[in-house]
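The values are calculated or read from the model by the stated rules, or taken from the named source; none is laboratory data. What you are looking at is a predicted structure, and each value in this text was computed from that prediction instead of being measured. Here the Cβ is made from the backbone with ideal geometry for all residues, glycine too, and neighbour counts use every protein chain on show.
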Amino acid sequence: GGNHLGVVNDVVGVSDLEMQQIATDLGFSETVFIDWTDSALDPAVRIFTPVDELPFAGHPLVGAAWLLGTLGPVPARALRTKVGVVSCSAHGDRALVDASIEITEVRDDVVEVAALAGLAHPERTMRLALPKSYLMARFATFDDVEALDPDMDAFGDVFGFTAFARDGDAVKARFFAPASGIAEDPATGSAAVALAEVFRRWGEPEGSVTITQGDEIGYPSTIELAWMASSTTIGGTVRHDDVVLVP
């Protein structure tokens, strides 16, 4: 289970094109590259999908925070991303990231989501920019989310489509981002950050939920999400898988 992540712990001498090629060759939803060039600052991170670079993604930050806190070379208190600095921590097999980034655009009740979902109309929708465009759709039941068969050709300029249903503090979610080479993602931290903003906008200024994702593609994953009026924290369990030499 879980969402595989590639972590390259030293990018000295590695070009942007080489980073992209490594991410493409690994084929994971994301590969994160850690840059220690400026030793006076917290490490910078670059995040690549198999086809492009992302300014922000939650799952790679959780994985990078855990790796640095567990395997080193030194624990990181914060990571520098292209949308700002996020604080992080790792304890045992878990890592947490304070993913309180700026939401630059919000559009409520985006009706075209029904066409993307290929199902009856969802209960409610919202479009957010983090800064990539996320289309969020709430459905009535977990079964509705499980039954989704979206039209991948209908996404247009939307980076990612999140379908979710909620029952108390339990959320079932699915995330699709075909334009970035991710037909369906097993665990999506950035979508969880967007979900926290959705809950705020829909009248819940603080709370916490456990998100399950990835069952439909055979990689069940869990994300812990907590939010307050101006902060969002994501986290989960991380397991070290393998070490490979990058040519």
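Search the range 28-48 for residues being within 14 Å of residue 60 (Cα to Cα) and in a loop (DSSP other than H, G, I, E, B), and hand back the single one that is nearest to the chain's Cα centre (by Cα).
29
State whether the residues of the range 102-120 include one that is touching an Asp or Glu at 6+ places or on another chain (Cβ under 7 Å), at pLDDT 90 or above and surrounded by fewer than 18 Cβ atoms within 10 Å (Cβ to Cβ).
No, the range 102-120 contains no residue that is touching an Asp or Glu at 6+ places or on another chain (Cβ under 7 Å), at pLDDT 90 or above and surrounded by fewer than 18 Cβ atoms within 10 Å (Cβ to Cβ).
So which residues in the range 4-15 are farther than 19 Å from residue 69 by Cα and either free of Cβ contacts under 8 Å to residues at least 24 places away in the same chain or surrounded by 18 or more Cβ atoms within 10 Å (Cβ to Cβ) (or both)?
Residues of the range 4-15 farther than 19 Å from residue 69 by Cα: 12-15.
Result: 13, 14, 15.
Sort out which residues of the range 183-199 are of a type outside the set (Asp, Glu) and either outside any loop (DSSP other than H, G, I, E, B) or more than 20 Å from residue 127 (Cα to Cα) (or both), and write them in order of number.
If we filter the range 183-199 for residues that are of a type outside the set (Asp, Glu), which is where we start, we get 183, 186-196, 198-199.
Passing the criteria: 183, 186, 189, 190, 191, 192, 193, 194, 195, 196, 198, 199.
Could you list, in sequence order, all residues of the range 64-92 that are of a type outside the set (A, V, I, L, M) and either in a helix (DSSP H, G or I) or out of contact with any helix residue (DSSP H, G or I) (no Cβ under 8 Å at 6 or more places or on another chain) (or both)?
Taking the range 64-92 first, the residues of a type outside the set (A, V, I, L, M) are 66, 69-70, 72-73, 75, 77, 80-82, 84, 87-89, 91-92.
Of everything in the range 64-92, those that are of a type outside the set (A, V, I, L, M) and either in a helix (DSSP H, G or I) or out of contact with any helix residue (DSSP H, G or I) (no Cβ under 8 Å at 6 or more places or on another chain) (or both) turn out to be 66, 69, 70, 72, 73, 77, 80, 82, 84, 87, 92.
Looking at residue 75, is it modelled with pLDDT under 90, under 18 Å from residue 98 (Cα atoms) and out of contact with any strand residue (DSSP E or B) (no Cβ under 6 Å at 6 or more places or on another chain)?
On the way: modelled with pLDDT under 90: yes; under 18 Å from residue 98 (Cα atoms): yes; out of contact with any strand residue (DSSP E or B) (no Cβ under 6 Å at 6 or more places or on another chain): yes.
Yes.
Restricting to the range 1-15, give me the number of residues that are touching a His at 6+ places or on another chain (Cβ under 9 Å) and either over 17 Å from residue 28 (Cβ atoms) or modelled with pLDDT under 90 (or both). Please lay out each step first, then the result.
Initially, the range 1-15 is screened for residues touching a His at 6+ places or on another chain (Cβ under 9 Å), giving 3, 5.
Next, only the ones that are either over 17 Å from residue 28 (Cβ atoms) or modelled with pLDDT under 90 (or both) stay: 3.
Result for the range 1-15: 1.
Could you check how many residues of the range 159-182 are outside any loop (DSSP other than H, G, I, E, B) and either closer than 24 Å to residue 49 by Cα or assigned by TED's automatic domain parsing to the domain that holds residue 53 (or both)?
The initial filter retains those residues of the range 159-182 that are outside any loop (DSSP other than H, G, I, E, B), namely 160-167, 170-180, 182.
From what is left, the residues that are either closer than 24 Å to residue 49 by Cα or assigned by TED's automatic domain parsing to the domain that holds residue 53 (or both) are 160-164, 172-180, 182.
The number of residues fulfilling the criteria is 15.
Being of a type in the set (S, T, N, Q), crowded, with 24+ Cβ neighbours inside 10 Å and at negative phi: is that true of residue 188 here?
Working: of a type in the set (S, T, N, Q): yes; crowded, with 24+ Cβ neighbours inside 10 Å: yes; at negative phi: yes.
When the stated conditions are applied, residue 188 passes them.
Quick one: residue 162 ticks every box in (1) hydroxyl-bearing (Ser, Thr, Tyr); (2) under 19 Å from residue 95 (Cα atoms); (3) surrounded by 15 or more Cβ atoms within 10 Å (Cβ to Cβ) except a single one, so which number is it?
Going through the list (1) hydroxyl-bearing (Ser, Thr, Tyr); (2) under 19 Å from residue 95 (Cα atoms); (3) surrounded by 15 or more Cβ atoms within 10 Å (Cβ to Cβ), residue 162 breaks only (2).
I'd like to check something: does the range 144-158 contain any residue that is assigned to a strand (DSSP E or B) and either closer than 18 Å to residue 55 by Cβ or small (Gly, Ala, Ser) (or both)? Can you show your working first?
Quick first cut of the range 144-158, residues assigned to a strand (DSSP E or B) only: none.
Checked against the condition, which is being assigned to a strand (DSSP E or B) and either closer than 18 Å to residue 55 by Cβ or small (Gly, Ala, Ser) (or both), the range 144-158 yields no hits at all.
Look at residue 182 and say whether it is among the hydrophobic types (A, V, I, L, M, F, W, C) and modelled with pLDDT of 95 or more. Spell out the reasoning first.
Values: among the hydrophobic types (A, V, I, L, M, F, W, C): yes; modelled with pLDDT of 95 or more: no.
Answer is no for this residue.
Taking the range 200-236, which residues are of a type outside the set (A, V, I, L, M, F, W, C), in a helix (DSSP H, G or I) and under 19 Å from the mean Cα position of the chain (by Cα)?
Applying the first criterion (of a type outside the set (A, V, I, L, M, F, W, C)) to the range 200-236 yields 200-201, 203-208, 210, 212-216, 218-222, 224, 230-233, 235-236.
Keeping just the survivors that are in a helix (DSSP H, G or I) gives 200-201, 215-216.
Answer for the range 200-236, where residues must be of a type outside the set (A, V, I, L, M, F, W, C), in a helix (DSSP H, G or I) and under 19 Å from the mean Cα position of the chain (by Cα): 200, 215, 216.
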